[in-house]
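Student: Quick one: the structure is below, and I'll ask about it shortly.
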Amino acid sequence: MTHARTYDHPVPRHPMIAPSLLSADFARLAEETARIADADWVHVDVMDAHFVPNLTLGEPVVKAIQAVSPVPLDCHLMITDPERWAPAYAELGAHNVTVHAEACTGDPRDLAKDLRAAGAKAGLALKPGTPLEDYLEVLRDFDTLLVMSVEPGFGGQSFMPEVLGKVREARRLVDTGHLDLLVEIDGGINADTIEAAAEAGVDMFVAGSAVYGAADPGAAIAGLRAQAARAIAP
Ligand code: DX5
Ligand code: ZN
């Protein structure tokens, strides 16, 4: 006999914002994290020029950001061979470490175990074309599901609304107790797109250009958070 948790009323959601440093000034990373001190997480995009056609920063720079950031780090690893590289980000103190399902060569659950053992939350990212159904069992061992709403690699791209079906399904599985994780979305989130994403069920919104492209990043964070909260208000 199974005892799946079911909820008559879904747990109330509080939209959270994770500004992406990809749109920040890389020569001033300490100041750029200080400018978003009111954010929930700071999103750090690690790209290796293999998994995606772009190269950003790696462990030494993330370690330096970790030492100064007032906000917990959310590392999004767009890299091949995450089994080899990801645990180091957990060990240096990142709050959440997300790897791409498409990049895992072994069972992603083994990697989730390693990340958690090192003290981090474990995240699994899906590119826009990767089906959620393929990872339902695996996701039971993860803390975060990162739904990509652009092809990973660059900031400032247009939001792909077709991924919202995955968000809705993940939300339903969380609200019915079949999964226990945070639903995060990444790519093209701004004042025009955040409401649809919130309605579909996102908890954590990554926003790069919409936050760092604003004159006042703190006000942009507050504005996005309030907009998402209004969209899901009963
Ligand atoms: C893209 C990155 C995103 C990017 C989002 O591959 O994973 O985190 O910074 O930037 P915006 O919000 O500008 O789409
Ligand atoms: Zn990202």
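The values are calculated or read from the model by the stated rules, or taken from the named source; none is laboratory data. Just so we're clear, the structure is a prediction, and the values are computed from it rather than from any experiment. Neighbour counts run over all protein chains shown; Cβ positions are idealised from the backbone, glycine included. All accessible areas refer to the heavy atoms of the entire protein, side chains included, with ligands and DNA or RNA removed. Shrake-Rupley method; radii C 1.70, N 1.55, O 1.52, S 1.80 Å.
Student: Counting only residues 5 or more places away or on other chains, whose amide H sits under 5 Å from the amide H of I17 once H atoms are built in the peptide plane?
Tutor: Amide H to amide H, under 5 Å and 5 or more residues apart or across chains, I17 pairs with D40, W41, F205.
Student: Ok, one more. Taking the chain as a Gaussian network, Cα atoms linked when under 10 Å apart, which of A122, A112, A214 shows the biggest mean-square fluctuation?
Tutor: Checking each option, the largest mean-square fluctuation is seen for A214.
Student: Could you sort 175-182, 96-103 so that the peptide with the highest average Cβ count within 10 Å comes first and the rest follow in order?
Tutor: Highest mean packing first, the order is 96-103, 175-182.
Student: Which value, in Å² and to the nearest 10, is the accessible area of F51 when all protein chains are kept and the probe is 1.4 Å?
Tutor: 40
Student: Give, rounded to the nearest 20 debye, the magnitude of the charge dipole that the chain has about its Cα centre when Lys and Arg contribute +1 at Cβ and Asp and Glu contribute -1 at Cβ.
Tutor: For this selection, approximately 380 debye.
Student: Describe numerically, in nm with one decimal, the distance between label points set 7 Å from Cα along Cα→Cβ at A49 and at H178.
Tutor: If labels sit at A49 and H178, their model points lie 4.3 nm apart.
Student: Something else now. Between D216 and A30, what is the spin-label point distance in nm, taking each point 7 Å from the Cα along the Cα→C-beta axis?
Tutor: So the label points at D216 and A30 sit 2.6 nm apart.
Student: Please arrange L57, L136 by accessible surface area, largest first, computed with a 1.4 Å probe and ligands excluded.
Tutor: L136, L57
Student: Among the lysines, select those whose C-alpha is under 28 Å from the C-alpha of K63, and discard any that sit fewer than 8 residues away in the same chain.
Tutor: Filter leaves K113, K121, K127.
Student: I've got another one for you. Mean separation of Cα pairs under 8 Å and 6+ residues apart, divided by the residue count of the chain: what relative contact order is that in percent?
Tutor: 21
Student: Turning to a different aspect of this structure: Would you be so kind as to identify which of A197, L55, V97 lies farthest towards the positive end of the dipole of the chain, taking Lys and Arg as +1 and Asp and Glu as -1 on Cβ and the Cα centre as origin?
Tutor: Of the listed residues, the answer is A197.
Student: Rounded to the nearest 0.05, what FRET efficiency do R116 and E199 give with R0 = 30 Å and r taken as the Cβ-Cβ distance? Could you check?
Tutor: For R0 = 30 Å, the calculated efficiency reads 0.45.
Student: Sticking with this structure for a sec: Taking the Cα-to-Cβ direction at A67 and at A229 and moving 7 Å from each Cα, how far apart do the two end points lie in nm?
Tutor: Rounded to a tenth, the inter-label distance reads 3.6 nm.
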